[in-house]
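Here you go, one structure.
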């Protein structure tokens, strides 16, 4: 023991304990999480929560059910990390699990009618659109976002899910095709039909092109 | 050409302008998901077609609106994605086994005490009826719990 060293120095942090930031790819995070890195697990969970919850919310139309399904999907991701293929994104895999779990839940509750989707202009029991002031949207913008989200709930499930995957989660066409189990060409045509249907719903609801461009 | 056929689902339809043009290419163009030749085709069409340009602009505005949307998500303390550890599962299983064994032993001992005790037949019947009623209620709850256990989403979550 070297007496010339009055205070014990902190050992160098192992690679896995260094700062975990948004610059790490999903593959790197998964590799670290597999080795038991708690920070990597937390960052991975943080990245997964939003897409899992939003997709579940649009599919199930109930915030509590959505949280249940999203949490279940995340749990499955973490218990099957060893099966994750390096170089891929976690999000499509996660969305596939959410979609399957949401279907299971709907099947088990087929006799129970669903409640209308929360999140629209004061009539909901829980607000899901963040109306806090931000650099990207004005009050009119928030109102439009809430309106679009509410109208989205009136589309058929197949159109809702493809719009959430592309326009809220920014998945690529390849990734969407993988999640939905459909050919690539179907993604483009189904997405286009969904966008047009949503636009027509908004127009029927009194929204003009000028009003939309304000947001 | 094969790739082109793979990318579009269905025959070439009629666009809002009334011309034969695969309208879904507008969404592909918006998303930057087209091949170079498809991209050029859409660009040329948009230069020449006011109706499709209006539709394209509307879809673009819609996508920008959705992409800007921020959501209120459940608070962090409402999430827990940690599976239970193997040690935790081992202790839980052992604990349940010991508890059930203890309950059976106590029940058998109590039944033997009741059968051989000095109480009258009416007292024994009253005690037996009361204990049986509680046991039946407990069993009904246990059966319901066991029935939902396979679908319990949180059985592997550490709480």
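For a quick check of your reading of the model, give me the residue pairs whose first member lies in segment A:138-151 and is more than 8 Å from chain B (Cβ to nearest Cβ), whose second is surrounded by fewer than 20 Cβ atoms within 10 Å (Cβ to Cβ), with beta-carbon atoms closer than 6 Å and at least 6 apart or on different chains.
Within 6 Å, the pairs are A:140/A:214; A:142/A:131; A:146/A:120; A:146/A:121; A:150/A:120; A:151/A:201.
Quickly run through segment A:79-104 and pick out the residues that are within 11 Å of chain B (Cβ to nearest Cβ) and either free of Cβ contacts under 8 Å to residues at least 24 places away in the same chain or surrounded by fewer than 20 Cβ atoms within 10 Å (Cβ to Cβ) (or both).
A:79, A:80, A:81, A:104
Could you check how many residues of segment A:33-59 are without any contact (Cβ under 8 Å) to a residue 40 or more places away in the chain and surrounded by 23 or more Cβ atoms within 10 Å (Cβ to Cβ)?
The qualifying residues number 1.
Mind listing whichever residues of segment A:164-182 are within 17 Å of residue A:93 (Cα to Cα) and facing chain B (nearest Cβ under 8 Å)?
First, the residues of segment A:164-182 that are within 17 Å of residue A:93 (Cα to Cα): A:164-166, A:168-182.
Answer for segment A:164-182, where residues must be within 17 Å of residue A:93 (Cα to Cα) and facing chain B (nearest Cβ under 8 Å): A:166, A:168, A:170, A:172, A:173.
Okay, residues lined up against (1) over 16 Å from residue A:160 (Cα atoms); (2) in a helix (DSSP H, G or I); (3) modelled with pLDDT of 85 or more:
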| residue | (1), (2), (3) |
| --- | --- |
| A:47 | yes, yes, yes |
| A:71 | yes, yes, yes |
| A:103 | no, yes, yes |
| A:116 | no, no, no |
| A:125 | yes, no, no |
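A further question on this structure: When you scan segment B:1-104 for helices (runs of 4 or more DSSP H) that lie fully inside it, which ones turn up with 2 or more residues that are at pLDDT 75 or above and surrounded by fewer than 18 Cβ atoms within 10 Å (Cβ to Cβ)?
B:36-48, B:50-68
I would also like to ask the following. Is there any pair linking a residue in segment A:189-201 that is more than 8 Å from every other protein chain (Cβ to nearest Cβ) to one that is crowded, with 22+ Cβ neighbours inside 10 Å and part of a helix (DSSP H, G or I), with Cβ under 6 Å and at least six apart or on different chains, and which?
The qualifying pairs are A:194/A:162; A:194/A:163.
For (1) over 21 Å from residue B:23 (Cβ atoms); (2) at pLDDT 85 or above; (3) not in a loop (DSSP other than H, G, I, E, B), each residue gets a yes or a no:
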position: A:155; (1), (2), (3): no, yes, no
position: A:158; (1), (2), (3): no, yes, yes
position: A:174; (1), (2), (3): yes, yes, yes
position: A:179; (1), (2), (3): yes, yes, yes
position: A:182; (1), (2), (3): no, yes, no
position: A:197; (1), (2), (3): no, yes, yes
position: A:212; (1), (2), (3): no, no, yes
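The values are calculated or read from the model by the stated rules, or taken from the named source; none is laboratory data. The structure presented is a predicted model; accordingly, all values stated were derived computationally and were not measured. Using ideal geometry, Cβ is built from the backbone for each residue, glycine included, and neighbour counts are taken over all protein chains shown.
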